1. Specify the residue that is modelled with the lowest pLDDT; the eligible residues are those in region 71-108 that are of a type in the set (D, E, K, R) and out of contact with any Asp or Glu (no Cβ under 7 Å at 6 or more places or on another chain).
2. Do you know which of the residues in region 31-53 that are assigned to a loop (DSSP other than H, G, I, E, B) and surrounded by 15 or more Cβ atoms within 10 Å (Cβ to Cβ) is farthest from the chain's Cα centre (by Cα)?
3. Identify, from the list Glu14, Glu96, Glu8, the residue that is in a loop (DSSP other than H, G, I, E, B) and either loosely packed, with under 14 Cβ neighbours inside 10 Å or of a type in the set (A, V, I, L, M) (or both).
4. Hey, can you tell me all the residues within region 249-280 that are in a loop (DSSP other than H, G, I, E, B) and either closer than 17 Å to Leu168 by Cβ or not acidic (Asp, Glu) (or both)?
5. Being among the hydrophobic types (A, V, I, L, M, F, W, C), outside the structural domain of Gly244 (by TED's automatic domain parsing) and at pLDDT 65 or above is true for just one of Leu174, Leu111, Leu201, Leu164. Which residue is that?
6. Would you mind finding the one in Arg36, Arg31 that is under 15 Å from Glu298 (Cα atoms), touching a residue at least 24 places away in the same chain (Cβ under 8 Å), of a type in the set (Lys, Arg) and out of contact with any Lys or Arg (no Cβ under 6 Å at 6 or more places or on another chain)?
7. Quick check on Trp19: is it among the hydrophobic types (A, V, I, L, M, F, W, C), modelled with pLDDT of 85 or more, farther than 24 Å from Gly157 by Cα and in contact with a Lys or Arg (Cβ under 8 Å, 6 or more places away or on another chain)?
Amino acid sequence: MTGYARAEGEHAPENGEPWTWSWEMRSVNARGLDLRLRVPSGADRIEPLARRKLSDRLGRGSVSATLVLSRETGAGSPKINRAVLNDIISLQNELEDEGLVFPSPPRLDTLLSVRGILETEEQSPLGEDEWVALSKTVLTGLEQTLDHMIKARAEEGARMADVLAGHLDTIDALCIEAGGLAATQPETLRRRFQTQLTELLELDPPLPEERLAQELALLSTKADVREELDRLAAHIAAARDHLGGDGPVGRKLDFLCQELNREANTLCSKSIDMDLTRVGLDLKSTIEQFREQVQNVE
């Protein structure tokens, strides 16, 4: 199921500069659970903890979560090494005193590209206690973001439930129509019996009576679709129960789709009436639409 959420906040340690964090999370449809996490360099120890929290609360979907973590401080900003810069300028003056003439004074961007002039102040590494406190804050933020995304997925799930219920209504109506058409099959079957019996009796040599009875019984059994209609009704009732229940139902509905499709196939293969075959094909088409939407449900 699809969903999006974002949350951000701040971690202020007792000693030292504050940190800012932000989580951005997206979820799209998938048959299973596929987690993709991105954390800043140096914060790798947060990833397995975050992955475990996501796995505990999500059962399906392709989920991506991105953490942005930064420290609100001047540490890490570039700094000019004036001693090296002054040495270069002094060298230029010495060369000019020796008679070497430069067409123009060196540009600032040229000087800054010289190795050693532009330095970056390294941030001091965090201690273990600081890391534990920062990780706790960041993971709490992850749970907040996950709450928002789950809420968004639940809202979409409510809308999806209406769509799935509509498909089940159509499947149910087609089964009722199939039941009415199946009730007319005995007359069609009687006429087919007569034709089949005439053909069997005219065989030379004629079929033994036992074989003749077997052939007629087989034809009668193959034309009876009442069991398929009963199983279709049972599967529809089970699907309605799942839609009205709590918790993940996507895999259960996916299994029921397979069973519904199996019974629809058998119904079509047993049909001896064009109208019943048409209803069976419409039933298969609607079950496929239902199955496609079920792939979006956790």
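The values are calculated or read from the model by the stated rules, or taken from the named source; none is laboratory data. Keep in mind the model is a prediction, meaning the values are calculated, not measured. Don't worry about glycine lacking a Cβ; one is built from the backbone with ideal geometry, like all the others, and counts go over all protein chains shown.
1. Within region 71-108, the first condition is being of a type in the set (D, E, K, R), and the residues that meet it are 71-72, 79, 82, 87, 94, 96-98, 107.
When the remaining residues are screened for being out of contact with any Asp or Glu (no Cβ under 7 Å at 6 or more places or on another chain), the result is 82, 87, 94, 96-98, 107.
Working: Arg82: 78, Asp87: 80, Glu94: 80, Glu96: 76, Asp97: 77, Glu98: 76, Arg107: 69.
Residue satisfying both the conditions and the ranking: Arg107.
2. Within region 31-53, the match that is farthest from the chain's Cα centre (by Cα) is Ala43.
3. Among Glu14, Glu96, Glu8, only Glu14 is in a loop (DSSP other than H, G, I, E, B) and either loosely packed, with under 14 Cβ neighbours inside 10 Å or of a type in the set (A, V, I, L, M) (or both).
4. Taking region 249-280 and keeping what is in a loop (DSSP other than H, G, I, E, B), we get 249, 271-273.
Across region 249-280, the qualifying residues are Val249, Ser271, Ile272.
5. Values: Leu174 fails: outside the structural domain of Gly244 (by TED's automatic domain parsing); Leu201 fails: outside the structural domain of Gly244 (by TED's automatic domain parsing); Leu164 fails: outside the structural domain of Gly244 (by TED's automatic domain parsing).
Being among the hydrophobic types (A, V, I, L, M, F, W, C), outside the structural domain of Gly244 (by TED's automatic domain parsing) and at pLDDT 65 or above holds for just one of Leu174, Leu111, Leu201, Leu164, which is Leu111.
6. Numbers: Arg36 fails: under 15 Å from Glu298 (Cα atoms).
The conditions single out Arg31.
7. On the way: among the hydrophobic types (A, V, I, L, M, F, W, C): yes; modelled with pLDDT of 85 or more: yes; farther than 24 Å from Gly157 by Cα: yes; in contact with a Lys or Arg (Cβ under 8 Å, 6 or more places away or on another chain): yes.
Yes.
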